[in-house]
Every structure is written in structure tokens, then in C-alpha cells.
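First up is the structure itself, then whatever we jot down about it.
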Amino acid sequence: MKKHKENEEVIIDDEMSVAQDGEVELVEEEAHADNKIIKMKEKLKRCSAEKQEYLDGWQRAKADYVNAIRRFKEENQNAATTGLVKAVETFLPVLDSLERAKSMGKLPSGFEAVTKQIENAFTTLDVSEVVAKIGTPFNPAYHEAFGQDKTDSVEQDGMISTVLERGWQIGGMVIRPTKVRVYHHK
Amino acid sequence: MAKILGIDLGTTNSAMAIMEGGEPQILENAEGARTTPSVVAIAKNGERLVGALAKRQAVTNPKNTIYGIKRFMGHRATDSAVEHDKEVVPYEIRADNDGGVLVHLGEKNYRPEEVSAMILGKLKEDAQTKLGETITEAIITVPAYFDDAQRSATKAAGKIAGLDVKRIINEPTAAALAYGFNKKKDEKLVVYDFGGGTFDV
């Protein structure tokens, strides 16, 4: 009888031990699950951040692409003008030199013809002179002031007094403003 | 996503750029130039001119044409550099009640930040026209030797121009970034800045 009771106690102890082991396992599993959730949350956070980064990058690249296409079209349209501007800018000093030579006295007929030829070429290319007449108002959109000349006339104040170097434009775009001197009333 | 405008607010000329495909791209201004003179003027007819147009009429209107305003950014009117420049520039420089610098333009006095803001405003408008989108954010470069007051003044100028200045960065740093020093192997770079107003290495 006693032995039987002892056996019972052993069985109860075993059951308690099993129950305790079960609780420990459960706690461990819960802790493990919690860790897993934390890790998964962290991973989700990282993934969300990465997703946002990739989305931003993709949107940026898409916008860049759309803008680039638009700009390429514009540049294609403007390429002819840009090339023309560069070519004309290269030739302007030649024309300026001929102009200066002409101002020193009459040029030999050959030089006159070359000047005329350049001017005709400019006309063909839609390159025209910026209008800058003495006595007309100075306008910084078309003219660049290089000095002032005193005048007693109030009406003359702010008018062009001298044209130093001719200005040129293509269509409405000023390639080089006319270099002028301007009347100044004191 | 709106572009952030990179601005080199120079003493003599200013320039602007955007990042496209990871590379900096200089934007041309309304006149088709890659640089804009850092000049502001009030013409005789009261019109405000900024950039090339202001520069072209400077000879005829020296008292109302402000150039080199960067030299006065974040300075006190009593600073020796300001005292010196006051004797050299054709426009009028005064001191405000707090001892700050004021420049006389048209009928009003302006702080250097306000004049710089006019330059930044033109760059902003030209960039918006060029890109076809609204620009609200910018990064502005300043010389590496600029102190806190000068940097704050530059930031304030951006704010006045309606720009949220995300960062103020040093000019040589910007040059090195444009070169792509952070993408290449370990190397030492010397950056030369051949500016119109200053020359730094």
C-alpha cells in the first residue's frame, strides 16, 4: 500500500515535472515567437524603407526621363540656332575688323566686296543688325553702355550718343548687344 | 517629385544646376547664358533689372546698380572690409539701426540678403520656365571661409526669394561632388576656384 502510494507520488511528481516542462517550453516558444515578430517587424520596416527608396528613385528616374525627352526635343529644335549663333559669333570679329578698317579710310574694293559678302550671308541666315541709332533711347535689352557723354539737353538724357560696335540678333534673340555711349544730363 | 535647384551665388556671376540621371546639369537662364551676372539695378523708369540687363546699363546708372553684394553678406557696417568697399563702390552703403549693412537702390534701402534674394529670384524664375515645374527647394554654395553670420545671411536670402534652402554647402565641396570624388577610388583632390571676385584653392 505504502509502495503504491510512493508510486503514485512519483507519478504525480512526473506529471508536475512534465507540466512544468510544458510551461517552460510554452514560455520559451512565446519568447521565441515574440523575437520572431520583432525581427519580422524590423524586416518589414527595412523593406518598407527600401520600397520607399526604390519608389522615390523610380519616380525620380521616370521624371528625369520625361524631362530629358522634352529637353532633347527642345535642344533638337534649338540645335540649328545654337550652331548658327556659334558660327556667327566666330565671324563677328572679322566683320568688326573690316568695319574698323573702313572707319580709318576707304577700303580697297576687294575688302568692300568681302564685307558685303559677309553681310549678305548674315541676311540669308536671318541674322540682322540690332537697331541702335544715335538719338534713340538706350535699351539694355539690346544695347550695352560703355560710357556717357554730357549733354545740356534734358530730352537727350538716356539717348544713344555714339555707336561703338554693331550688335546682332537672330530672330528676336540678341547674340551681341550694340556697344554704345549714352547721353547724360547733369 | 520637385527638383532641388543647386545655386552658385557668386560675387560676379551666379549659376544654377539640377541633378539629372545622377549628374549635375547646368541650366541656361532666360537669355540663354549658363551664368547670370550677380548684378541688380533699378532703371531710370523704375523697372527692376537683374543679371545681364542690369550689367549692360551699369555705366549709365551707377548709383542704382548693385554689384558684388556677396562681399557684404553677414557683415557689419563697421567691418574694415565694408569700410574699404564703401569708398570703392559707386552705390551708397549705410548702416541700419542694428549696425548691419544697407545699400541704397532706387528710393529704398535694402539689406544685402534682400539684394541677393533678387538674384536668387531671377534664377528661380528662369529655372521654373526652363524646367516647366515649380521650384521651392534649393541648395546654395558659399565660400569655404564664410562664417556662421554669412551662411545665415545666405540662407535668409534664399528664404526671401521663396526658396526652402535645404543646405548651404562649401563651393569646393560642390566642385568635388560634381567631379564625383565620392564614387571613385581613394584619392586626394585639389580644388581651384577661379572666381570673378575671389580665387580660392
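The numbers here are math on the coordinates, done by the rules we state, and not lab data. On a predicted model such as this, the values are computed, not experimentally measured, just so you know. Backbone-built Cβ (ideal geometry, glycine too); neighbour counts: all protein chains shown.
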Hz values of 3J(HN,Hα) by residue in the stretch A:146-155 - Karplus curve (6.51, -1.76, 1.60), Gly and Pro given as x
10, x, 10, 10, 5, 9, 8, 8, 5, 5
Computed over the stretch B:1-171, the relative contact order (Cα-Cα under 8 Å, seq sep at least six) in percent reads 23 percent
With each pseudo-label sitting 7 Å past Cα toward Cβ, what's the B:Glu28-A:Glu53 distance in nm, one decimal?
3.8 nm
The stretch B:1-119 - Rg (one decimal) and Dmax (whole number), Cα, Å
15.7, 48
Counting only the backbone N, which residues of the stretch A:167-186 are under 13 Å from the spot 7 Å out from the Cα of A:Phe91 toward its beta-carbon?
A:169-170
What longest region of chain B stays clear of trypsin sites (Lys or Arg not before Pro) that DSSP places outside H, G, I, E and B and that have at most 11 other Cβ atoms within 10 Å?
B:1-182
Stokes-Einstein at 20 °C, 1.002 mPa s, Kirkwood radius from Cα pairs: D for the stretch A:126-186 in µm² s⁻¹?
186 µm²/s
Mind checking the angle between helix B:112-131 and chain B's longest principal axis? C-alpha axes, 0 to 90 degrees, to the nearest 10.
50 degrees
Phi-derived 3J(HN,Hα) across the stretch B:146-153 with the Karplus relation (6.51, -1.76, 1.60, θ = phi - 60°), rounded Hz, x for Gly and Pro, is 4, 8, 4, 4, 5, 5, 4, 5
Simple SL model, points at 7 angstrom along Cα→Cβ for A:Ala68 and A:Ala141; separation in nm is 3.7 nm
In the stretch B:142-186, the chymotrypsin sites (Phe, Trp or Tyr not before Pro) that sit in a DSSP loop and have at most 13 other Cβ atoms within 10 Å of their own Cβ are B:Tyr145
Using 20 Å bins from zero, what percent of all Cα-Cα pairs in the protein assembly as shown falls into each bin?
20, 42, 21, 7, 6, 3, 1, 0
Any idea what the relative contact order of the stretch A:126-186 is, in percent, if you count C-alpha pairs under 8 Å spaced at least 6 apart?
45 percent
Specify the residue with the greatest mean-square fluctuation among B:Gly106, B:Gly51, B:Gly158, computed from a Gaussian network of chain B linking alpha-carbon atoms under 10 Å apart.
B:Gly106
Two decimals is fine: what is log10 I(q)/I(0) at q = 0.23, 0.25 Å⁻¹ for the stretch B:3-55, from a Debye sum with one equal scatterer on every Cα and no solvent?
-0.86, -0.94
